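The values are calculated or read from the model by the stated rules, or taken from the named source; none is laboratory data. Note that the coordinates shown come from a computational prediction; the quantities given were computed from them, not determined experimentally. Neighbour counts are summed over all protein chains in view; Cβ atoms, including those assigned to glycine, are modelled from backbone coordinates with ideal geometry.
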């Protein structure tokens with residue numbers, strides 16, 4: 001019995017030593033990116049991203065929690081537009097448009113307070129491709145040590161990527177429905 005306990009203690013000690021060492025070797029930055037093609041001109045899609053009120057009609061993170069508490073500030077769209085949110089499912093933080101280049105790009109700053117503090121950059125790019133527009137949703141940011149340990153268990157690209165895919169599908173459906181009714 002003592003031998004089994006000793007072996008168990010050695011295994012636990014090894015795990016306690018190896019996990020932090022392995023986590024420390026992980027990248028200091030992350031990036032998640034997804035794209036879709038939407039059958040609409042960039043100038044039809046752009047306002048649905050550049051206006052945070054419109055953005056939140058298809059934003060999967062806002063839609064996760066019907067009880068989300070949100071407050072808009074600044075201009076209604078474009079640089080300086082901001083949305084602070086508090087949710088048990090999406091976390092607590094804010095997103096602010098920090099730059100835009102109509103109708104090709106919107107850059108946002110995502111500041112998370114809970115569940116983990118983070119400052120991330122979110123960039124939407126819209127590139128015309130024939131009769132469609134390729135919309136790319138990308139997010140990148142630093143990964144502190146705690147995040148590196150969490151990334152060993154949870155695959156950030158898969159977790160957030162699924163939400164990006166769902167959001168882009170919703171944006172596509174919303175835009176293409178709107179394009180059908182307006183011409």
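Out of the stretch 127-146, which residues are in a strand (DSSP E or B) and modelled with pLDDT under 95? Once the filter is applied, which keeps residues that are in a strand (DSSP E or B) and modelled with pLDDT under 95, the stretch 127-146 yields 140, 141, 142.
Counting the residues of the stretch 68-126 that are in a strand (DSSP E or B) and either closer than 11 Å to residue 50 by Cα or out of contact with any helix residue (DSSP H, G or I) (no Cβ under 9 Å at 6 or more places or on another chain) (or both) gives 33. Among the conditions (1) closer than 28 Å to residue 155 by Cα; (2) modelled with pLDDT of 95 or more; (3) not in a loop (DSSP other than H, G, I, E, B), residue 58 misses just one, which is (3).
Note on the stretch 91-113: residues that are surrounded by fewer than 16 Cβ atoms within 10 Å (Cβ to Cβ) and more than 17 Å from residue 73 (Cβ to Cβ) total 4. If residue 23 meets every condition in (1) in contact with a helix residue (DSSP H, G or I) (Cβ under 7 Å, 6 or more places away or on another chain); (2) at pLDDT 70 or above; (3) farther than 30 Å from residue 177 by Cα apart from one, which number is that one? Of the numbered conditions (1) in contact with a helix residue (DSSP H, G or I) (Cβ under 7 Å, 6 or more places away or on another chain); (2) at pLDDT 70 or above; (3) farther than 30 Å from residue 177 by Cα, the odd one out for residue 23 is (2).
Among the residues of the stretch 45-85, the ones that are within 17 Å of residue 125 (Cβ to Cβ), touching a residue at least 40 places away in the same chain (Cβ under 8 Å) and in contact with a strand residue (DSSP E or B) (Cβ under 8 Å, 6 or more places away or on another chain) come to 4 in all. Within the option set 168, 180, being surrounded by 14 or more Cβ atoms within 10 Å (Cβ to Cβ) and either at pLDDT below 95 or not in a strand (DSSP E or B) (or both) holds for one residue only, 168.
Of everything in the stretch 114-128 that is more than 19 Å from residue 69 (Cα to Cα) and free of Cβ contacts under 8 Å to residues at least 60 places away in the same chain, the residue that is surrounded by the fewest Cβ atoms within 10 Å (Cβ to Cβ) is 119.
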